[in-house]
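Following: one structure in structure tokens, then a few remarks.
The values are calculated or read from the model by the stated rules, or taken from the named source; none is laboratory data. It should be emphasised that the depicted structure is a prediction, and the values quoted were computed from it without experimental measurement. When we count neighbours, we look across all protein chains shown, and the Cβ atoms used for this are built from the backbone with ideal geometry, even at glycine. Surface accessibility is based on the protein's heavy atoms, side chains included, excluding ligands, DNA and RNA. Shrake-Rupley method; radii C 1.70, N 1.55, O 1.52, S 1.80 Å.
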Amino acid sequence: MLSSPTSLEHLGGLSSLPCKMAWKTCFMLSLPLALMLLFLGTAAAAQGLQVGFYSKTCPRAELIVREETTRIMSVAPSLAGPLLRMHFHDCFVRGCDGSVLLNSTGNNNVAEKDAPPNQSLRGFGVIDRVKARLEKACPQTVSCADILALVARDVVFLIKGPYWQVPTGRRDGRVSIAQETRQLPPSNSTISSLISSFQSKGLSVKDLVVLSGGHTLGTSHCTQFSNRIYNYTGKGDTDPNLDRNYIPKLRAKCAPNDNTTLVEMDPGSFRTFDAGYYTHVSKRRGLFESDAALLQNSQTRAYVLRHARGAFAPEFFKDFGDSMISMGNIGVLTGTKGEIRKTCAFVN
């Protein structure tokens, strides 16, 4: 469920606060929107989450997250993609419990953060900064898992993407195991394995193709797709599902065995949330095999082609918000389960 960011001022106890940001305008909710938000809150409550969960315990929680995220994005907009990806990587392993934020503790205890799929994640310091400010305002009240969900929403909005109401009330997990990151879909996934992976988390085929649209943000290391342009089957060949006219351009950026160079996933607008990703995929120019795989299923292919021209941006924006809400419900800990960490990198 999407709404304008201004309507959030009337949730979570923020209605009495003055508007402090240039892009916010205070106004009262219309009855239809209020009813829609009530419906969303009721649906989320069934999962143990609700919009405005901190309205009494930490009324300024979402405003604090937004203010800090805005400051960070003003100086480091390239963190938008990594912070969105961090929420995804958290939810697909043990559910949305903040376990991706925990540090390894030694004694053969290697956490998710240090597993190969997560070693390229960036922005942990951003979460720590937001958490520190929330701890000053409301000690041990707002979970790290909720911070991840709120920051992901805010960075998308701040780079011209959609805005959705985030149901909150998640609690933090106490366990983080590197080996469990095998649940994360790798970049060379087939369409069948992608569908299976998403369905195992309670997500639909539509959620798969919609959330893949998040690749409109950020960059990738050459190592994630170099086999497609140099040695696809071990015979020095290239991936036939990759546009042959695009391969020389990728080779010009990525030398063989290049593990440092970064390539834009959505060339030309990798710092703006838009439907450009689908345009590249439709032209067989998605960087990953998992991108190309979206053309190999009738439902995902139809969605890619529909949005490839960018003519239905409002529809994609709404779909993305809805799918992010669904993803944010995966395996949540609520009530007396888990904990509220004082510091996101360590259990209490």
| message | Using a probe radius of 1.4 Å on heavy atoms only, what accessible surface per residue do you get for the chain? Whole Å² is fine. | response | 43 Å²
| message | Charges at C-beta only: +1 for Lys and Arg, -1 for Asp and Glu. How large is the resulting dipole of the chain about its Cα centre, in Debye rounded to 20? | response | 300 debye
| request: Please work out the FRET efficiency for the pair Arg71 and Gln296, using the Cβ-Cβ distance as r and a Förster radius of 35 Å; give the result to the nearest 0.05. | output: 0.25
| remark: By the Cα gyration tensor axes a ≥ b ≥ c (a/c under 1.5 gives rounded; else a/b larger than b/c gives prolate, otherwise oblate), the shape of the chain is prolate
| query | Summing -39500 (n - 2.57) over the DSSP H runs of n ≥ 4 in the chain and dividing by its residue number, what mean residue ellipticity at 222 nm do you reach, to the nearest 500 deg cm²/dmol? | reply | -12000 deg cm²/dmol
| said: Along the Cα→Cβ direction, 7 angstrom out, place labels at Arg244 and Lys160. What is the inter-label distance in nm? | reply: 3.5 nm
| query | Ordering His307, His280 from largest to smallest accessible area (1.4 angstrom probe), what's the sequence? | reply | His280, His307
| request: Using a 1.4 Å probe over the heavy atoms of the protein chains, calculate the carbon and sulfur portion of the accessible area of the stretch 49-112 as a whole percent. | output: 52 percent
| said: For Glu339, what accessible surface area do you get with a 1.4 Å probe? Give it in Å², rounded to 10. | reply: 10 Å²
| query | What does the charge add up to near Leu121, with Lys and Arg as +1, Asp and Glu as -1, over the other residues with Cβ less than 12 Å from its Cβ? | reply | 0
| task | Would you rank Arg285, Arg71 by solvent-accessible area, highest first, keeping every protein chain in place and using a 1.4 Å probe? | result | Arg71, Arg285
| task | List the residues of the stretch 65-108 whose backbone N lies under 11 Å from a point placed 7 Å from the Cα of Arg129 along the Cα-to-Cβ direction. | result | 68-77, 79
| query | Taking a probe of 1.4 angstrom, what is the accessible area of Met265 in Å², to the nearest 10? | reply | 30 Å²
